[in-house]
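In what follows, a single structure is set out as structure tokens and then discussed.
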Amino acid sequence: MLAFVAIMQAQQAPPDLILSNGKIITVDERFTIAQAVAIQGGRVVAVGSNQAIAQLAGPNTRRIDLMGKAVIPGLIDNHMHLLRAATTWLRELRFDGVNSRQQAVAMLRARAQAVGPGEWVYNIGGWTHQQFTDDPKPFTREELDKIAPDNPVSLQESYYQVFLNSRALQALGIEANAPDPAGFVKGTIMRDASGKPTGVIRGDIPATRPVAAKLPKVAPEHLEESSRALLQDMNRAGLTSVGVPGCIADVLEIFQKWKAQGQLNVRTFCIDGAAGANPEQVDRALEQIPKIKLFQGDSYIDNIFFGESVYGPLHDPMFATKSDPTAEQLAQWRRMAMEIAKAGLPLHVHAELHDTIDAFLDQIEAINKEHPIKSLRWTLAHINQINAQQLDRMKNLGMYAAVHPWAVINGAIMHDEFGDGAYDMPPLRTIQNSGIQWGFGTDGTAANQYRPFTTLYFAVTGKMTGGAKVNRQTISREDALIAYTRKNAYLVFQEDNLGSIQPGKLADLLVLDRDYLTVPADDIAKIKPVMTMLGGRIVYDASVAAQAAK
Ligand SMILES: [Zn+2]
């Protein structure tokens, strides 16, 4: 029986809401488990035993009986391209969490019917065919023609390849016996011996992007509806906060409006700033960087980092096995990063391949001597190829790690591309054991799927979506959860407000349909929030959602 009760010091009004009879996994520094939590004015005011919390109730206190359910802090993804996703979300047919090919085909058929002849049916990443447990095989042009003969269909697997049907090839101007249309990288349009396009476009980001760029986005008048559907899906998946590379202005405007109305359902922390693509652009960027003002917002929307790219030519692709940064490129990178340090800005930078990480650390060590970065929370992002020595160098610099395991969907492809080394990409246990401060993200919604319980399942089992074992550096459930909550609160500069269920922090929490700490490891990906709360407000309620679906 738990006898303690932690209460805020100040005398205050009785709680608005009490959740009791639960298993409150607080994720505080001691990983305390409690029974009940009291919330007032959007913040947690007390955590403790049923009895102690019940005593705080006033005449108007609302109560929710958790009936034994587990509660965890709202999950934070430190790096997801959330606002970009809003521009396509309503039009995309997402395969996140769809582990049956048969189901995916049924979804394709239904979507084609729903949108009508001639309209695009597409998705832009977030899945790979290896996630289908019933029949893990790619789609063919002929198959997609049969499923949706009257619609152009484009299905993008991560950034690896795109499957197109005949109508899509036609719409994109890709023909037999004709040169590739402008914008496509040579050799990325797959053709058979006779020159007929097979319907597959393959070759990392440069190959897939020309297709994505031609797909119709959500119309401006539907952007708000698309954003709402997106945030509802995030809340349903258990996300309450996201670090967002590239906060697109017209979507951010909608978020700002919702914030003013008290209706913003995902806290949004922007990672922004223009990278240089060549020396001339670096010249211009150097004038802009000193004018950048971060931290002008609040716990709903803020700008927190320069990122995620510093110098375009040193932005590692996803499936390259090796990089070779040149002295000239690094000199440009250093000009940018030096100015960012001088301006006192936090930096969150894309760094993936082993040699790129070494080269960046060389530069940062030099910069640090002139403009110390110790208090700036400089962060390397993705780092699937990092090693123990590099983690030590980062620690000595006072840096942080934003870990985005692309293997959650790409695991099988990575084993083809990188061989056995893929078992250590990312080296989660090495990162955990290094003692560096690190947090989880996905890099969704194109590079990866977005659902946090799928990433937690990967972290604990080493298995990708679909169940194949692709990583040997598993970590404990507790460490994985800490990296998705308390550690990430730090990585989005909200450690005083978010990341644990403790007096004084904002009441962002999830009530789960099963206990994260005791459910069989293979079932972690199946965990669903029955309720998601943000600042004491219920933003997702599974029973209400089920009613609405009827
Ligand atoms: Zn990136």
Legend entry - Kirkwood Rh (inverse of mean 1/r, distinct Cα pairs), the range 333-472, angstrom: 15.5 Å
Legend entry - Mean shadow area of the chain, taken as a quarter of the surface of its Cα convex hull (nm²): 26.4 nm²
Inset, instruction - Can you send over the carbon and sulfur percentage of the accessible area for the chain, probe radius 1.4 Å, protein chains only? - result: 50 percent
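Give, in whole angstrom and from largest to smallest, the semi-axes √(5λ) of the equivalent ellipsoid of the range 497-544, with λ running over the eigenvalues of the Cα gyration tensor. Don't jump to the answer; show the numbers that get you there.
Values: eigenvalues 97, 44, 8 Å².
Equivalent ellipsoid semi-axes, largest first: 22, 15, 6 Å.
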Legend entry - Reachable lysines, given that their alpha-carbon falls under 23 Å from the alpha-carbon of residue 322 and they are not under 8 places away in the same chain: 186
Legend entry - Range of Cα positions in the range 416-459 per principal axis (Å), largest first: 29, 28, 16
Legend entry - Helix 354-370 axis, angle to the chain major axis (alpha carbon atoms, nearest 10°): 60 degrees
Inset, instruction - Summarise the long-distance tail of P(r) for the range 1-128 by giving the % of C-alpha pairs beyond 18 Å. - result: 66 percent
Legend entry - Phi to ³J(HN,Hα) by Karplus 6.51 cos²θ - 1.76 cosθ + 1.60 over the range 469-478, Hz, x for Gly, Pro: 6, 10, 9, 10, 10, 6, 10, 6, 4, 5
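When the Cα atoms of the range 41-188 are enclosed in a convex hull and the volume is divided per residue, what value in Å³ results?
Roughly 206 Å³ of hull volume per residue.
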Legend entry - For the range 117-198, alpha-carbon Rg and Dmax in angstrom: 13.0, 38
Inset, instruction - Would you compute, for the Cα atoms of the range 441-541, the largest minus smallest coordinate along each principal axis and list the three values in descending order, in whole Å? - result: 41, 28, 27
Inset, instruction - Go through the range 52-60 residue by residue and turn each phi into a ³J(HN,Hα) via Karplus (6.51, -1.76, 1.60, θ = phi - 60°); whole Hz please, and just put x for glycine and proline. - result: 5, 6, 4, 5, 7, 4, x, x, 9
Inset, instruction - Once every Cα of the range 174-245 carries one equal point scatterer and solvent is ignored, give the base-10 log of I(q)/I(0) from the Debye formula at q = 0.27 Å⁻¹, two decimals. - result: -1.19
Inset, instruction - Taking amide H positions as placed in the peptide plane 1.01 Å from N, state which residues far from residue 530 in sequence (5 or more) or on other chains have amide H under 5 Å from it. - result: 511, 512, 513
Legend entry - Relative compactness, the range 311-374, computed as alpha-carbon Rg over 2.2 N^0.38 Å: 1.09
Inset, instruction - Mind scanning 395/469; 505/528; 257/293; 469/528; 217/259; 217/342 and naming the pairs with a C-alpha gap bigger than 32 Å? - result: 217/342
Legend entry - Label-to-label distance, nm, for residues given as residue 542 and residue 295 (7 Å Cα→Cβ offset): 3.9 nm
Inset, instruction - May I ask you to give the solvent-accessible area per residue for the chain, in square angstrom, as obtained with a 1.4 angstrom probe? - result: 39 Å²
Inset, instruction - Compute the length gained on full extension between residue 145 and residue 175: take 0.36 nm times their separation in residues and subtract their Cα-Cα distance, giving the result in nm to one decimal. - result: 9.2 nm
Legend entry - Segment residue 62-residue 213, extension gain: residue separation times 0.36 nm, minus the distance between their alpha carbons: 49.5 nm
Inset, instruction - For an R0 of 51 angstrom, estimate the FRET efficiency from the Cβ-Cβ distance between residue 420 and residue 191 and round to the nearest 0.05. - result: 0.95
Inset, instruction - Would you calculate the separation in nanometres between label points at residue 519 and residue 288, each defined as 7 Å from the Cα along the Cα-to-beta-carbon direction? - result: 4.3 nm
Legend entry - Nearest 10 degrees, 0 to 90: helix 101-115 Cα axis against the chain principal axis: 80 degrees
Inset, instruction - List the extent of the Cα atoms of the range 279-416 along each of their three principal axes, largest first, rounded to whole Å. - result: 45, 39, 29
Legend entry - Cut-off 16 Å (backbone N to label point 7 Å along Cα→Cβ of residue 229), residues of the range 506-550: 549
Legend entry - Rounded tilt (10° steps) of 388-397 against the dominant C-alpha axis of the chain: 60 degrees
Legend entry - For the range 204-268, diffusion coefficient by Stokes-Einstein and Kirkwood Rh (Cα), 10 °C, 1.306 mPa s, µm²/s: 119 µm²/s
Legend entry - From phi via Karplus (6.51, -1.76, 1.60), per-residue ³J(HN,Hα) for the range 89-94 in Hz, x at Gly/Pro: 3, 5, 8, 7, 9, 7
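The values are calculated or read from the model by the stated rules, or taken from the named source; none is laboratory data. Since we're looking at a predicted model, the values are computed, not measured. Because the Cβ atoms are built from the backbone with ideal geometry, glycine has one as well, and the counts that use them run over all protein chains shown. Only protein heavy atoms, including side chains, enter the accessible area calculation; ligands, DNA and RNA are left aside. Shrake-Rupley method; radii C 1.70, N 1.55, O 1.52, S 1.80 Å.
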